[in-house]
Amino acid sequence: MPGKAYLNEISLSVPDHDIHGKFLEFAPALLKDDHSRALFRRVAARCQIEHRYSILQGHPAKDRLDYTGFYRRGAFPDTGTRMRYFQVHAFSLVREALVGLNLEVLKDDITHLILTTCTGFYAPGLDVEIVKHYGLKPSVERTIIGFMGCHAGMSALKLARHIVRSDKGARVLIVNLELCTLHLKETESVEHLLSFLIFADGCAASIVSNDPRGIELQSFTSSVMPDSGDQITWTIGDSGFDMQLSGRVPSTIAAGLPACLPTVLEGDGIDKFNHWAIHPGGRSILDAVRDGAGIPEKALSASRSVLRDFGNMSSATIMFVLKEIMRQGKGRGCGMAFGPGLTVESMLFQVQT
């Protein structure tokens, strides 16, 4: 019989620079008319985000976004420049997250490394840097989950569970690293600018093993909402990665969840679950899950808190939510994250400690 898998530890890091207020000041100037600027400000005021962090430091001048001039009006960087920034800054944020795991002590026990990212790529990449910097065994099995968007963190947990259940001696290190703020577009589209309003930089590092502490990873389910493939897209363009986040996503989630829920919850009712780890893709996404699944507002406290304090850090975000839930105490839980497809990745879990 396959063994059990547990998410033992989660360590988090964000950059030093809170860019949210500066972005709210700078972004309206990209829009072409007063009506668009007023619309942006109205929606931004309701986004329920107070802080978002970036590797880019905000500039005090109203007409400039960052100190380095990475984003200059009329001369936003090309894709190559953005990827060079990713390569320069990514590993330092990873190191900060790994400090909390005491990886120097655990390094000889790590058998697998899973890295998720959709915001930057280079090779040899972060996986190799981690192995070399911490002196992990050269036999460590490395897997990169790339370009899956916000639900990639859930996919990494699912893969780690498969590994640990098939090999009782496995100890899996997961690193979720996203530098979303490297992909701002110089655009006159209110919808595109509002999409960027929620995204931030962040990193999570975690350990999954058969050591029975933390969160037991019990089961996973994947569902694709019908006729929704164009609602979340992420493509590589000449001027960075192009995110398309349709305003229809919340209504699609709210309408589609009732059909998915019996499978996700394995036939149990929502009253059987103490914890709800919902990826905070934005205020309207959380509202849609609440309404579509029929869960109480108080069940979203961990997700609302992460959205308020950090914004949406793509694949790393669900780990921030699970860290909050670990603090809430024992109980059964359901997790959900959403991404291109429109895909719903879900998980049932049990908080042990």
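General observations
- Residue within region 43-65 that is at positive phi and either of a type in the set (A, V, I, L, M, F, W, C) or without any contact (Cβ under 8 Å) to a residue 12 or more places away in the chain (or both) present: no
- Strands (runs of 3 or more DSSP E) wholly inside region 255-353 containing at least 1 residues that are open to solvent by less than 10 Å² (accessible area, probe 1.4 Å) and modelled with pLDDT under 95: 331-339, 343-351
- Considering the conditions (1) among the hydroxyl-bearing types (Ser, Thr, Tyr); (2) farther than 18 Å from residue 199 by Cα; (3) touching a residue at least 24 places away in the same chain (Cβ under 8 Å), residue 303 is excluded by exactly one of them, (2).
- Residue match in region 44-62 (condition: over 27 Å from residue 173 (Cα atoms) and part of a helix (DSSP H, G or I)): yes
- Among the residues listed as 3, 69, the single one being out of contact with any Lys or Arg (no Cβ under 8 Å at 6 or more places or on another chain), open to solvent by less than 40 Å² (accessible area, probe 1.4 Å), modelled with pLDDT under 95 and assigned to a loop (DSSP other than H, G, I, E, B): 69
- Looking across region 224-249, just one residue is over 29 Å from residue 264 (Cβ atoms), open to solvent by 70 Å² or more (accessible area, probe 1.4 Å) and in a loop (DSSP other than H, G, I, E, B), and that is 238.
- Flag if residue 82 is at pLDDT below 95 and under 23 Å from the mean Cα position of the chain (by Cα): no
- Tallying residues that are within 29 Å of residue 286 (Cα to Cα) and open to solvent by 90 Å² or more (accessible area, probe 1.4 Å) within region 22-56 yields 6.
- Meets criteria (open to solvent by 10 Å² or more (accessible area, probe 1.4 Å), under 22 Å from residue 240 (Cβ atoms) and part of a helix (DSSP H, G or I)) for residue 89: yes
- Considering region 164-205, the residues that are open to solvent by less than 10 Å² (accessible area, probe 1.4 Å) and assigned to a loop (DSSP other than H, G, I, E, B) include one that is farthest from residue 8 (Cα to Cα), namely 184.
- Looking only at region 92-104, and only at residues there that are open to solvent by less than 40 Å² (accessible area, probe 1.4 Å) and closer than 16 Å to residue 127 by Cα, the one that is farthest from the chain's Cα centre (by Cα): 103
- Condition met for residue 142 (out of contact with any Ser or Thr (no Cβ under 6 Å at 6 or more places or on another chain), open to solvent by less than 50 Å² (accessible area, probe 1.4 Å) and touching a residue at least 24 places away in the same chain (Cβ under 8 Å)): no
- Residue match in region 201-208 (condition: closer than 22 Å to residue 178 by Cβ, polar (S, T, N, Q) and more than 19 Å from the chain's Cα centre (by Cα)): no
The values are calculated or read from the model by the stated rules, or taken from the named source; none is laboratory data. The model shown is predicted, which means the values in this text are computed figures rather than measured ones. FYI the Cβ positions are ideal-geometry reconstructions off the backbone, even for glycines, and counts take in every protein chain you see. Quick note on the areas: whole protein, heavy atoms, side chains included, nothing else; ligands and nucleic acids left out. Shrake-Rupley method; radii C 1.70, N 1.55, O 1.52, S 1.80 Å.
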